[in-house]
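The values are calculated or read from the model by the stated rules, or taken from the named source; none is laboratory data. Everything numeric in this text was worked out from a predicted model, so none of it was measured. Every residue, glycine as well, gets a Cβ built from its backbone with ideal geometry; the counts of neighbours run over all protein chains shown. Note: areas computed on protein heavy atoms with side chains; ligands, DNA, RNA excluded. Shrake-Rupley method; radii C 1.70, N 1.55, O 1.52, S 1.80 Å.
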Amino acid sequence: MTRPEPTAEAGSSPVEAPAPATTDESAWHTFQSAVLRLAGVDLRAYKERQMRRRLGNLMQRLGVRDWLDFVRVLRQDPAALRAFQEFFTINVSEFFRQPEKFQLLDRDYLPALLRERSSLRIWSAGCSNGAEPYSIAMLLARRTPGARHTIVATDIDARILGVARAGGPYTEADVRNVPPDLRQRFLEPVDGGYRVKESLRRAVDFRLHDMLREPPPARDFDLIVCRNVVIYFTEEAKRQVYETLQAALRPGGLLFVGATEVILNARQFGLNVSAPSFYLRAAA
């Protein structure tokens with residue numbers, strides 16, 4: 001999933017560039033429409049002020065004057081369009097990110113879900129490079145040897161899904177939180193880092209998917225993992241995503257979000273707070 005984060009060029013100040021000066025709001029709307037057509041990204045779902053500032057950095061790098069000039073460059077220069085897509089879809093993920101959350105998931109929630117169903121249905125929404133669905137798959141393989149579970153992992157970024165399907169390679173920093181027994185069992189060293197072994201790659205079904213424009217890939221999920229995906233979304237876009245996730249969960253199913261994400265008024269989405277980062281869908 002797209003995860004825009006402030007970035008800086010090497011040797012430059014981390015302070016973001018100011019938003020490009022323009023008094024013509026129609027130019028910004030023209031740019032939004034062009035980006036949707038050319039890159040499939042709906043900028044209206046993101047906080048406008050923050051997005052304008054981030055794009056200002058890219059415009060400086062490309063030598064673009066204003067929003068309309070940016071549209072012209074994106075239309076005429078395939079390299080600039082690729083640069084926009086790569087700049088916009090920054091993917092930040094690692095195995096067992098925030099390990100204490102995964103420890104809680106493994107200790108308390110997975111056993112509870114497995115008492116209800118021996119074969120779990122799981123959706124990793126906004127899976128990025130695959131680190132999170134592979135982390136879940138590792139835990140399930142250790143806890144339920146020989147069992148078959150369904151793990152669907154989706155993202156809007158086709159390029160990063162290629163990395164996920166190939167099982168990497170992942171850097172040492174990406175796998176630093178993998179427990180030693182799981183690292184030995186499921187990762188193999190390669191040039192430049194580590195790769196997920198084929199046995200685990202077969203456990204995850206990676207698919208291209210846009211949560212803001214498409215229905216969920218299936219229904220009746222026992223567990224949905226959607227971490228650090230919506231933090232840059234507008235409130236309306238967040239509402240849309242939470243409604244989609246809730247509808248895809250079975251009653252009593254679990255939603256696992258990022259440590260800094262809090263679903264305000266969770267009950268309006270049919271969710272009950274179980275613990276920080278963990279929400280249960282209310283019973284039917």
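Miscellaneous remarks
- Kirkwood-Stokes translational diffusion coefficient of the range 73-179, alpha-carbon pairs, 20 °C, 1.002 mPa s, µm²/s: 139
- Computed magnitude of the charge dipole of the chain (debye, nearest 20; Cβ of K, R +1, Cβ of D, E -1): 660
- For the range 234-244, putting each phi into the Karplus relation 6.51 cos²θ - 1.76 cosθ + 1.60 with θ = phi - 60° gives couplings of 5, 4, 5, 5, 4, 4, 4, 5, 5, 5, 5 Hz, in residue order, rounded to whole numbers and with x for Gly and Pro.
- As a ratio to 2.2 N^0.38 Å, the alpha-carbon radius of gyration for the chain is 1.06.
- Dipole-positive endmost among Pro169, Leu62, Ser199 within the chain (Cβ charges, Cα centre): Ser199
- Within the chain, percent of DSSP bridges classed antiparallel, to nearest 5: 40
- In the distance distribution for the range 129-284, Cα-Cα pairs more than 20 Å apart total 53 percent.
- Each of Met211, Leu105, Gln50 was placed along the dipole of the chain (beta-carbon charges, centred on the mean Cα), and the one lying farthest toward the positive end is Leu105.
- Heavy-atom accessible area per residue - the chain, 1.4 Å, Å²: 47
- A Förster distance of 25 Å, applied to the separation of the beta-carbon atoms of Lys197 and Leu36, puts the FRET efficiency at 0.05.
- Here is how the number arises for the chain: DSSP H runs of 4 or more residues each give -39500 (n - 2.57), the sum is divided by the residue count, and the result at 222 nm is -11500 deg cm²/dmol.
- The chain, accessible surface, carbon-and-sulfur percent (1.4 angstrom probe): 50
- Rounded to 5, percent antiparallel among DSSP beta bridges of the range 191-284: 60
- Excluding same-chain neighbours fewer than eight residues apart, the aspartates and glutamates reachable from Lys101 by a Cα-Cα span under 18 Å are Glu132, Asp174, Asp222, Glu261.
- Whole-angstrom gap from the range 65-142 to the range 191-245, using each part's C-alpha centre: 6
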